[in-house]
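Working notes, structure below.
Every number in this text was worked out from the coordinates using simple rules, so none of it is lab data. Everything numeric in this text was worked out from a predicted model, so none of it was measured. Because the Cβ atoms are built from the backbone with ideal geometry, glycine has one as well, and the counts that use them run over all protein chains shown.
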Ligand code: FES
């Protein structure tokens, strides 16, 4: 598999920051996941070569952590907490319905325009402000169906304006 030159340059840059051994594997993968929203085969191959870490190990790390993805995802990855404090909150099911209705996708899917991926996650430590979700690195709490619609509208506006995205 050929690794595009821009990807090689990006990996070399990350390696120059984080080091050239296996301890750099996580931060290098995080950097790539952040800029591409996922870890492609080519990216993982390049990391394997640069760090001298077997491809299977790179793939194993990439698939172990839920905040990494080996499938293309949207510009904004929405992670709605599904653990008990959030799931038992009275606004949780209306929030789920609003997300699915507004985005037109189910959990695990990406919108056709590539802007949003909708996912669920285990507790993100915001139980006292349930229901909670992350959109990339941004925290949103005490969700209601109304606030969810407003939040999605704001990210749609940012996407249309081409604003820089925080980590996926
Ligand atoms: S249960 Fe949802 S943040 Fe903890």
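Structural remarks
- Whole-number Å³ per residue for the convex hull built on Cα positions in the chain: 119 Å³
- Rg ratio for region 5-64: its Cα radius of gyration over 2.2 N^0.38 Å, N being its residue count, equals 0.94.
- For the chain, the share of DSSP beta bridges that are antiparallel, to the nearest 5, is 55%.
- Viscosity 1.002 mPa s, temperature 20 °C, Stokes-Einstein D of region 74-120 from Kirkwood C-alpha radius, µm²/s: 197 µm²/s
- When the Gaussian network model of the chain links Cα atoms closer than 10 Å, the mean-square fluctuations of 36, 18, 140 top out at 18.
- In this simple spin-label approximation, residue 8 and residue 150 carry label points 7 Å from Cα along the Cα→Cβ vector, and these lie 5.0 nm apart.
- Seen against the Cα atoms of the chain and their longest principal axis, helix 5-18 is set at about 90 degrees.
- Alpha-carbon gyration tensor eigenvalues x 5, square-rooted, for region 76-161, Å: 20, 12, 12
- The relative contact order of the chain, computed from alpha carbon pairs under 8 Å that lie at least 6 residues apart in sequence, is 22 percent.
- Distance from region 70-89 to region 116-130 (C-alpha centre basis), Å: 5 Å
- Angle in degrees between helix 145-161 and the longest Cα principal axis of the chain, rounded to the nearest 10: 40 degrees
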